[in-house]
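The values are calculated or read from the model by the stated rules, or taken from the named source; none is laboratory data. Please read these numbers as outputs of a predicted model, since none were measured by experiment. As a convention, Cβ positions derive from the backbone with ideal geometry for all residues, glycine included, and neighbour counts pool all protein chains shown. What goes into the accessible areas is simple: the full protein's heavy atoms, side chains included, and nothing from ligands, DNA or RNA. Shrake-Rupley method; radii C 1.70, N 1.55, O 1.52, S 1.80 Å.
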Amino acid sequence: MTSHVLFAPLQALGAEGLAHIDASLVEHLRGTEQLLRSWGASETVCAAGLYHAVYSTEGYAPALATLAERHRIADLIGVDAEALAYLYCACDREKFHPRLGTPAQRVFVDRFSESEYEIEYERLAQFCELTLANELEIAGRSARYRAKHRTELLRLCERMSVLVGRACRDACGDLLS
């Protein structure tokens, strides 16, 4: 499914009217999706990138849909893309991100269910690619954000490096070095 088809429902959910660091939320979501496409990510990952803040995130509070509406979002973007978008929204970053690059990296910490569970390696790799696309989209648009978070982002890129594709790793180096 093309991003054009998925974009109208995103607007109907109210993404255009919400602010995000130096842009609107809809601009950030489209930028994240476009980065993923430029890296050759699958349609599933790209759709999840476009909807990656649909249920809110630990770093961004407004939600476009409730968790009770997961089935509706899955109908729009597909079950796998919705599951990845959920994972991104549900991530307890403070607890999970330090696990990346360690033997515990497949034990996900879900802030919504307040639980931990194992995720498949492929899903972890997709999560990492989406996470870096989100961060690099913001860093690429905001010099202030990039300057403030550069060291932290470099560490995150390093911990995720074996899980993401070459294009993603190159983008990290190009933007943050």
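Once ligands and nucleic acids are excluded and a 1.4 Å probe is used, how much of residue 157 is accessible, expressed in Å² to the nearest 10?
Probe radius 1.4 Å; accessible area of residue 157 about 10 Å².
Under unit Cβ charges (Lys, Arg +1; Asp, Glu -1), what dipole magnitude, rounded to 20 debye, does segment 137-177 have relative to its Cα centre?
That gives a dipole near 160 debye.
Please compute the length gained on full extension between residue 177 and residue 142, using 0.36 nm multiplied by the number of residues separating them and subtracting their Cα-Cα distance.
11.1 nm
I'm spelling it out carefully: the read-out is percent of Cα pairs over 30 Å apart, the candidates are (1) 32; (2) 10; (3) 24, and one was derived from this structure. Which label?
(2)
Starting from the residue with the highest accessible area, list 112, 7 in decreasing order, probe 1.4 Å.
If we order 112, 7 from most to least accessible, we get 112, 7.
Per the helix-only calculation at 222 nm, which mean residue ellipticity applies to the chain, given -39500 (n - 2.57) for every DSSP H run of n ≥ 4 and division by its residues, nearest 500 deg cm²/dmol?
About -18500 deg cm²/dmol.
Cβ under 14 Å from residue 16's Cβ, residue 16 left aside: what net charge do those residues give with Lys, Arg +1 and Asp, Glu -1?
Details: positive: 30; negative: 27.
Residues near residue 16 contribute 0 overall.
Where the centroid of each part is defined by its Cα atoms, how far is segment 62-107 from segment 120-140 in Å?
11 Å
Which of the cysteines in the chain are isolated, no other cysteine C-beta under 4.7 Å?
Result for the chain is 46, 89, 91, 128, 168, no neighbouring Cys Cβ within the cutoff.
What net charge do the residues around residue 101 carry, taking every other residue with its C-beta under 13 Å from that of residue 101, with Lys and Arg at +1 and Asp and Glu at -1?
+3
About its Cα centre, what dipole magnitude does the chain give when the only charges are +1 on Lys and Arg Cβ and -1 on Asp and Glu Cβ, stated in debye to the nearest 20?
Result for the chain is approximately 540 debye, rounded to the nearest 20.
May I ask you to give the percent of accessible area on the chain that is carbon plus sulfur, with a probe radius of 1.4 Å? Write out the running numbers ahead of the final one.
Details: 4290 of 8380 Å².
Ligands and nucleic acids excluded, carbon and sulfur reach 51 percent.
Taking amide H positions as placed 1.01 Å from N in the peptide plane, with prolines and chain starts having none, which residues 5 or more places from residue 91, or on another chain, fall under 5 Å of its amide H?
Long-range HN contacts for residue 91: 111.
So what's the convex hull volume per residue for the Cα atoms of segment 86-135, in Å³?
Numbers: hull volume 3.7 nm³, N = 50.
Normalising the Cα hull of segment 86-135 by residue number yields 73 Å³.
Quick check on packing: order 131-139, 63-71, 161-169 by the mean number of other C-beta atoms within 10 Å, highest mean leading.
Peptide ranking by packing, descending: 131-139, 161-169, 63-71.
For the chain, with every protein chain kept in place, what is the accessible area per residue (1.4 Å probe, Å²)?
47 Å²
Please tell me the relative contact order of segment 1-126 in percent, rounded to the nearest whole number, where contacts are Cα pairs under 8 Å and at least six residues apart.
Relative contact order of segment 1-126: 18 percent.
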